[in-house]
Amino acid sequence: MNLILLGPPGAGKGTQARRLQDGHGLIQLSTGDMLRAAVASGSDIGNQVKAIMERGELVSDDVMIAMIKDRIQEADCADGFILDGFPRTTAQAEALDEMLADMGRALDNVVEMRVDDLALVGRITGRYSCAKCGAGYHDDFQKPATEGVCDSCGSTEFSRRKDDNAETVTSRLEAYHAQTAPLLPYYDGKGVLAGVDGMAEIDEVTLQIEAVLGAG
Ligand code: ADP
Ligand code: ADP
Ligand code: ZN
């Protein structure tokens with residue numbers, strides 16, 4: 001099964017992709033995580049994209065398409081993947097269609113996660129994650145069972161993304177509405193789009209996505 005989670009920054013794509021990965025044996029492919037790893041490693045690509053990400057703008061289609069093209073051909077993607085954060089432009093969506101066709105594969109579902117812009121600001125400014133295993137948390141909506149201790153790995157170190165601040169959120173939301181939202185009619189036209197209520201609680205959103213996958 002090949003799946004796209006589509007939605008604005010903070011919609012819950014990463015949270016749900018990690019759950020689906022565990023439950024369905026699919027691989028989560030987060031382009032944001034890949035880019036952050038490139039920045040941390042100090043590679044040429046990393047140095048090239050660092051400032052763009054900090055401003056909340058989109059990295060160029062050429063870089064993103066090459067990155068995903070390499071990644072989906074790796075062996076661990078053979079049974080299916082969940083794209084989280086890609087595609088974000090029509091050019092990326094068209095390139096993805098072409099790559100999948102070349103590989104004799106297709107998209108099964110594109111799930112739109114609908115969340116109000118106002119709620120997104122609070123989701124993003126309250127987001128943090130485990131520095132060791134990457135598990136995601138939120139100051140108000142998803143706290144670890146024991147304060148300061150990761151549920152998944154027991155680590156006591158956490159980190160916040162540099163771009164998760166109120167100023168950058170505005171440009172990220174603008175980028176979503178201007179450049180990514182046109183993908184909704186694009187996928188609707190192909191008959192693969194389904195929407196879920198991303199404002200619901202995390203468990204409820206998972207159930208809604210499971211229902212889409214089951215039906216699809
Ligand atoms: P995205 O990958 O779409 O940017 P995340 O999955 O990182 O979004 O979620 C953003 C923040 O909101 C995280 O801190 C996460 O814990 C929290 N979150 C995710 N889903 C929900 C939800 N349904 N209700 C409330 N908070 C949520
Ligand atoms: P979020 O879901 O919170 O918006 P991501 O982790 O998906 O965050 O992305 C972080 C940043 O990485 C984006 O603001 C953008 O600069 C860059 N990025 C990630 N994926 C893409 C993509 N497919 N195309 C262009 N830029 C991307
Ligand atoms: Zn952890």
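The values are calculated or read from the model by the stated rules, or taken from the named source; none is laboratory data. Not measured: the values here are computed from a predicted model. All Cβ positions, glycine included, derive from the backbone under ideal geometry; neighbour counts span all protein chains shown. All accessible areas refer to the heavy atoms of the entire protein, side chains included, with ligands and DNA or RNA removed. Shrake-Rupley method; radii C 1.70, N 1.55, O 1.52, S 1.80 Å.
Across the alpha-carbon set of the chain, the Rg to Rh ratio works out to 0.93, Rh being the Kirkwood radius.
Pulled fully out, how much extra length does the chain show between Ala200 and Arg114, if you take 0.36 nm times their separation in residues and subtract their Cα-Cα distance? That pair, Ala200 and Arg114, stretches by 30.0 nm at full extension. Computed from phi, the 3J(HN,Hα) profile of segment 76-84 under the Karplus parametrisation 6.51, -1.76, 1.60 (θ = phi - 60°) reads 5, 8, 4, 8, x, 9, 10, 7, 10 Hz, with x in place of Gly and Pro.
Which loop-located trypsin sites (Lys or Arg not before Pro) does segment 63-158 contain, where loop means any DSSP state but H, G, I, E or B and the Cβ has at most 16 other Cβ atoms within 10 Å? Present the calculation step by step, with values, prior to reporting the outcome.
On the way: sites: Lys69, Arg71, Arg88, Arg105, Arg114, Arg123, Arg127, Lys132; in loops: Arg88, Arg105, Lys132.
Answer by residue number: Arg105, Lys132.
For segment 1-51, the Cβ-based charge dipole about the Cα centre amounts to some 140 debye (Lys, Arg positive; Asp, Glu negative; other atoms uncharged).
For segment 121-216, what % of the accessible area comes from carbon and sulfur atoms, probe 1.4 Å?
Values: 2670 of 5350 Å².
Summing carbon and sulfur atoms, their accessible area is 50 percent of the total for segment 121-216.
Rounded, prolate or oblate: pick one for segment 119-175, where a ≥ b ≥ c are the square roots of the eigenvalues of its C-alpha gyration tensor, a/c under 1.5 means rounded, and failing that, prolate if a/b is larger than b/c, else oblate. Note, shape of segment 119-175 comes out prolate.
On a per residue basis, segment 33-106 carries 50 Å² of accessible surface, using protein heavy atoms and a 1.4 Å probe.
Using C-alpha pairs under 8 Å with a sequence gap of at least 6, the mean separation divided by the residue count of the chain gives a relative contact order of 29 percent. Taking 4.7 Å between beta carbons as the limit, the unpaired Cys residues of the chain are Cys77. Taking amide H as placed 1.01 Å from N in the peptide plane, Phe86 has its amide H under 5 Å from the amide H of Thr31, each at least 5 places away in sequence or on another chain.
As a length-normalised measure over Cα pairs under 8 Å and 6 or more apart, the relative contact order of segment 1-108 settles at 43 percent. Among the GluC sites (Glu not before Pro) in segment 68-147, those placed in a DSSP loop whose Cβ has at most 13 other Cβ atoms within 10 Å are Glu74, Glu147. Ordering Ser30, Val49, Met64 by Cα displacement along the dipole of segment 1-67 toward the positive end leaves Ser30 in first place; charges were set at the Cβ atoms of Lys, Arg (+1) and Asp, Glu (-1).
With +1 on each Lys and Arg Cβ and -1 on each Asp and Glu Cβ, how big is the dipole of the chain about its Cα centre, in debye rounded to the nearest 20?
In total the dipole reaches around 360 debye.
At a 1.4 Å probe radius, carbon and sulfur cover how many percent of the accessible area of segment 1-110?
So the carbon and sulfur contribution to the accessible surface is 47 percent.
Between the listed residues Ala135, Cys153, Gln92, the Cα displaced farthest toward the positive end of the dipole of segment 90-153, a dipole computed from Cβ unit charges relative to the Cα centre, is found at Cys153. When the P(r) is computed for segment 141-216, the part past 20 Å accounts for 62% of the Cα-Cα pairs.
Between Ala166 and Phe141, residue separation times 0.36 nm minus the direct Cα-Cα distance comes to 7.2 nm.
Treating the beta-carbon of each Lys and Arg as +1 and of each Asp and Glu as -1, no other charges, what is the dipole magnitude of segment 106-216 about its Cα centre, to the nearest 20 debye? Before the final figure, lay out the partial values.
Working: 10 positive and 19 negative charges, 82 e Å.
Roughly 400 debye, rounded to the nearest 20.
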